Amino acid sequence: MSAIQTVKHILTDRAPADKYVVWVVLALSAAGVVAVYSAVTYLAEVRAGVGPEQFLLRHLLRVGIALGAMGVVSLIDYRTLAKYSRLALIAALGLLVAVKAVGSFSEGADRWLQIAGFGFQPSDLARVALVFYVAVLLVKKQDYIKSFGKALVPILVWVFATVVLIGVDDLSTAAVLLGAVMLMCFVGRVSVFQLLGLGLIGVLLGGALIMNSPARAARVEAYLGMDLFDNTNTEQVMDRQGERYQSQQARMAFALGGLTGVGPGKSTQRDFLPAPYNDFIFAIIAEEYGILGALLLLAGFCVLLFRGYLRIARDAPDPLGLLLAVGFTTLIVAYGFVHAGVSCGLLPVTGLPMPFVSYGGTSLLANGLMAGVLLNISRQSTRRAAPSERRPTSTIA
Amino acid sequence: MSPKDQIRTRMYMMLTLLSIVPVIVAGQMGWAVIADRGELRAQAKAQSRSTVEVPAMRGRILDRAGRSLAINTAQYDLALDPTVDGFESQADAFYEQLAELTGASAARFRQQVANRHSPEYVALYDGLTAAQQEQVREWEVPGVILTPEFARRYIHETTAAHVLGHVGSDGHGLSGLEVAYDDTLAGTPGERVVKRDRSGRIQAFVGGRVTPPEHGKNLVLTLDLARQAALEDELRRGVQESGADWGTAVAMDPSTGAILAMANVPTYNPNRPGAATDAARRNRAITDRYEPGSTFKLVGATAAVDQGLVEMDDSVETGDGWAVFHGYTMKDISAYGTISFQEVLSKSSNVGMAKTVRRHLEPGVFYQYARNFGFSQPTWIDLPGEQGGVLKRPNEWSQTTQTSMAIGYEVSVTPLQLVTAYSALANGGRLMQPYVVAEQRDMTGNTLWENEPDSIRRVMKPETARTLRPAFEQVVQEGTGTEADVAGFDVAGKTGTALEATAGDYSDERARASFVGFFPADDPEVTLLVMMGAPETSIYGGAVAAPVFHRIARRWAGTFPEVVDRMTADPPETVPASVEGMRPAVPAEQARTLPDLDGLSTRRALHWLRRHGVDVQVEGQGAVAAQRPRSGTPLPDRILLEGAS
């Protein structure tokens, strides 16, 4: 309830924020609730004793928490948060290491921390913290930004530490995060040649690592398959039918949906797609609401992209605001686009959730935090806010 | 370019780059929807829909009175998926419980699960009863899979086994009626369209197309359970007592062709067909053909009399009991000298019969009568595996064929053909179509189809049948078949003793002894054939088969109201003796008092009275309404009956 009040509060004139972003986030969340409810029916049936209503309630609670977090964060000056971003990143990396350590004691990799009964994924916290801290570092090093040793290397140390720690378990998240951070570096005036060189080295190194050892290649492949699926049932299907099975099933969902869809709750592909409530929620929406519904959802992310870049980032009061807006906008919409691309068979299968839509607590929370920062930046827009109302300028810049 | 402008420029560049992505994604989405739509939708439909067969229930087989002979039982096969969550913790208790329930050992089940081939499936136990499977369900052990299997059960075991036949493991008929009427009994399975998820589990599907199964039809037979059982009983006993290798008995209603009973020894239990030999499973009454011997004399006699060539009291010279035909000697049992044609039949004189046929019958005529009696062709009874027999055409005849055929050699017939032929004599000359299925009924008991008795052709004139009948009654009264006589009514019939052909010659010791006849002789209800293969105590039909006929006829008599009526009209002493094999002590003729004839048909009353030497004067028609003198008075010389109309 407090979450709703907070949202209301944000929408009032007293606290002007980017209304488009708020509406889009609310719309995506609402669509997510409806779609997840339909998609979990299979899961609920398989795990006997848990009704779909319980999954729905859990999802509603998480959405509430995420929106609440968005509201709270939107009220906190991003420059204040920036002071703690280094600490947050270190904490997140510590958690990642801790999870790995715990996971190595118990059998099998575990990406989850159990906190108050909720599965908690440190990688979601880490990616938010990393984007935040990279923005802070880029702003800090603007004066000597073209220097490889003084500017880029310190940034890269943090970036690679985070990406490697995440990438060990979750290659797709690491890849998207790396892309977003590199994009920020580019926008943050890092030398194009340095970035291209880095990219080239990265590609060569990664390729060599994989090519060098068939076992590693196999592991990466098996890993890509494995990490997507939580229940054993799916795992067997994967073992048998491979990755193609999933993208084909997702494409079938699109074909079944047609222009206007089969109708709410009538999806049949939810029984065949692995993790339909999470990794393939977009395909379920496409099946139930047709390509029109899917395009509407995609349009929502486009709105976030354009508002994030052309309003929030462009009108940000300082470079930190701009870079943060670019970084968070990119991270949110990249997840959305990659998820959509995977669902329609454009991209290889990854397990990325669709922001605000997919069932998954930590991901929702991370997106809520990022949206909150975006809203806070928008509230300090150079266009909207009267100069008298503006807070004191950051000391960091 | 200022740093701020550079940042903005780079930002716009990235925005442009990023904004291309949703366009590509949308394009790909449209492609999936538009271009591959048909194919993808077909794939989706194929994987999510499947049709499940809804089994049809196999029809039951009922006797004449609606008593079940073959029914269906549901048995359950128990299988297990040991990987299901929650099974492991209950495994040991489950094995113990199951062991207690089935009588198998818990260790066996543990072994089976440990040695299973498929990780998720192991068949544990087949053939749980309905009650047992109910119990297993109550345990609620996860991973247990119970599959119903419909099984066929023949509740009276061996009774009518050869007629009913049996089914294979797939539930379809393999022999007898089960195979002849397989389509009728099996019905048509229905279909249900269901949804399947990716693990293949079937889900309820509201709005799915359902084609209900068309259940099999019940068959109502012409057989009567009690009569069949009595006949089998006596046949078995006859085979045992005579030391025969095998025996067969067929009874027919001569006026309709309905098979009243059909049995063979050895027989088998259709519940366990695998335990029996092929020989035991064979329905000899229709699948085996034999040289009939003297019973075939009916054909020559019918032809001769029907053509008006021979009178029953014509003299036939049988001489010293032997004659030579084209170098082959034919013998009678004893020398009869000159006897009437009727006596040729009643004494079963081979010489007399052969001479009569040779003298009076053109080969073509003789052949034609044999054909008309139905020999050489299957009767097309509604049972599988029937043989046609062999009947040589005149142009295939050797010099001895005519005389051999006259006495039932050089021809082979099935027991059923013989019964059908004698039924023609019994019913006044019509060859009837034999059948065992009287009706087909649906599951709720409505009659869907009823067999209409069918007359195939007239084999002889009614007068011929009337003329011949006394000769066959004489067989039983004073000829070779006296053992077949039954107190209370007349029996007509013929003995047959056919030597077995072995290695081109006829054996002196091995023979088929048979008796075929009908009763009551003047208004027959039953034609019955009893045939024994290689009896040891005697080779003669009159000595081996006729007593079995007698015992069956006596046990059956009580089941025919018409026969009972007639018998109760006699004094109580003539009620069949209960001691097996004992000849009735008091002949029917010794009845002393007049019975109550009220309500009897005039014809029947006349029959009884005339047999007891009472002259009858009838006034009016229909059932007897009054009689003078009244019942209970000593038998008068004359009686006056008044009809109801």
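Using the Cβ-Cβ distance between residue A:53 and residue A:26 with R0 set to 22 Å, the FRET efficiency from 1/(1 + (r/R0)^6) comes to roughly 0.50.
Note on A:268-275: average number of Cβ atoms from other chains within 10 Å of each residue's Cβ is 4. Ranked by how many other Cβ atoms sit within 10 Å of their own Cβ, fewest first, the residues B:4, A:146 fall in the order B:4, A:146. Contact order, relative form, for region B:314-459: 18 percent (alpha carbon pairs under 8 Å, 6 or more residues apart, mean separation divided by residue count). Label separation (residue A:83 vs residue B:6): 3.1 nm, computed from points 7 Å beyond Cα along the C-beta direction.
For the residues A:306, A:280, B:373, what sequence is obtained by ranking on other C-beta atoms within 10 Å, fewest first?
Least to most surrounded, the residues fall as A:306, B:373, A:280.
The relative contact order of chain B comes to 12 percent, based on Cα pairs under 8 Å that sit 6 or more residues apart. Here the scattering of the protein assembly as shown is modelled by Debye summation over its C-alpha atoms, one equal scatterer each and no solvent; at q = 0.09 Å⁻¹ the log10 of I(q)/I(0) is -1.00.
The mean number of partner chain beta-carbon atoms within 10 angstrom of a residue's beta-carbon across peptide A:332-339 is 2.
The Cα center of region B:85-158 and the Cα center of region A:55-99 differ in position by 54 Å. Using the Cβ-Cβ distance between residue B:478 and residue B:271 with R0 set to 45 Å, the FRET efficiency works out to roughly 0.45. If you count Lys pairs in chain B whose Cα atoms are under 30 Å apart, skipping same-chain pairs closer than 8 places in sequence, the total is 21.
What value in Å³ per residue do you get for the convex hull of the alpha-carbon atoms in region B:390-506? Please list the in-between numbers first.
Working: hull volume 24.1 nm³, N = 117.
Taking the convex hull of the Cα positions in region B:390-506, it is 206 Å³ per residue.
Counting Cβ atoms of other protein chains within 10 Å of each Cβ in B:14-21 and taking the mean gives 6. Maximal additional length on extending the residue B:112-residue B:16 stretch stands at 28.0 nm, based on 0.36 nm per residue less the C-alpha distance. Placing pseudo-labels 7 Å out from each Cα toward the beta carbon at residue B:140 and residue B:191 gives an inter-label distance of 3.8 nm.
Between residue B:72 and residue B:51, take the C-beta separation as r, use R0 = 22 Å, and let me know the FRET efficiency to the nearest 0.05. Before the final figure, lay out each step's value.
Numbers: r = 23 Å, r/R0 = 1.07.
E between residue B:72 and residue B:51, to the nearest 0.05, is 0.40.
The modelled label-to-label distance between residue A:102 and residue B:505, using points 7 Å beyond Cα along the C-beta direction, is 10.4 nm. For q = 0.08, 0.10 Å⁻¹, what log10 I(q)/I(0) does chain B give under the Debye formula with an equal point scatterer on each alpha carbon and no solvent? Ignoring solvent entirely, the Cα scatterers give -0.73, -0.97.
Listed by chain and number, the lysines whose alpha-carbon sits under 20 Å from that of residue A:19, ignoring those within fewer than 8 places in the same chain, are A:8.
By the count of neighbouring beta-carbon atoms within 10 Å, fewest first, B:556, A:158, B:31 end up ordered B:31, A:158, B:556.
No value in this document is a laboratory result; all are computed from the given coordinates. It should be emphasised that the depicted structure is a prediction, and the values quoted were computed from it without experimental measurement. Counting neighbours? That spans all protein chains shown, and the Cβs are built from the backbone with ideal geometry, glycine included.
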